[in-house]
Structures are given as C-alpha cells and as structure tokens.
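Comments concern the structure below.
The numbers here are math on the coordinates, done by the rules we state, and not lab data. Note that this is a predicted model, so its numbers are computed, not measured. Positions of Cβ are backbone-derived with ideal geometry, glycine not excepted, and every protein chain shown enters the neighbour counts.
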Amino acid sequence: MKSDKKTLANELSALILGKLHGLNEKSAKKLVKTVDKSTEELVKKYTKLQKEEVDELEKEAKKEAKKAKEKAEKVEKEKAKAAAKAELAAKIAIVTEDGVVVEKKSKPSKKKVAETSEEVAPAETTEA
C-alpha cells in the first residue's frame, strides 16, 4: 500500500479503536486485526472511487475540447465557403457590365397578368 493510503488507514483505525475499550487482550487483538483489515479495504475503495471521478472528469474535459474543436473547424469551413462565394462574385463582377452585376429581369408572373387583365376588361352584366 502507498504511504498515503497507509496513513489514512492508520488514522481511521486509531479513530475507531479510540472509541472501543474495555476488552480483554485476546478479544482486543482480534478486534484490532479486524479493524485494520476493514480500514485498509475502505481506503482502497475510497482511492479507487477518487481515481474513477478524476478519470471521468478528464473524459468529460476531452469530450468538451473535441466539441469545441469541431465547432471551430465548422466555423472555419463556413468562413472559407463565404470567402469563396465573395471571390466568385468578384470574378463575376469583372466579367459583367461596368463591374456591376446585372440581375436577370424576371418575367411577370401569370397571376399579375391575370389581375391586370381583369382590371382592363369591365365585368359583363346580363340583363334579362
């Protein structure tokens, strides 16, 4: 056992045994052995749990670092994509008239044409 574990086990044993008194020598020896053995097991379990907690925290930290790295890479890709679009727009501007991007003129929609024709032609009324 490491010295840290051993000192912790000795301290626990001393605290427990300090509360117990009034036994004969034979019973006291058995009790001391039992308490020592139990405190050693307790300390082993305690240190194991501490190590597991530390490992879990490290694992979570690595996971968060990985997410942050992936997010940074995603932002970088988006910036590169935006830069590529800007570069393409600049090249198109060079090729188009006077450096100004000429937008395509859209045809009027059928809905607008239908609305204007109704306004021009008055509604027919039938007289009986």
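Distance between the 7 Å Cα→Cβ label points at Leu20 and Glu53: 2.7 nm. Among the listed pairs Lys2/Lys63; Lys29/Lys51; Lys6/Lys48, a Cα-Cα separation exceeding 26 Å is found for Lys2/Lys63; Lys29/Lys51.
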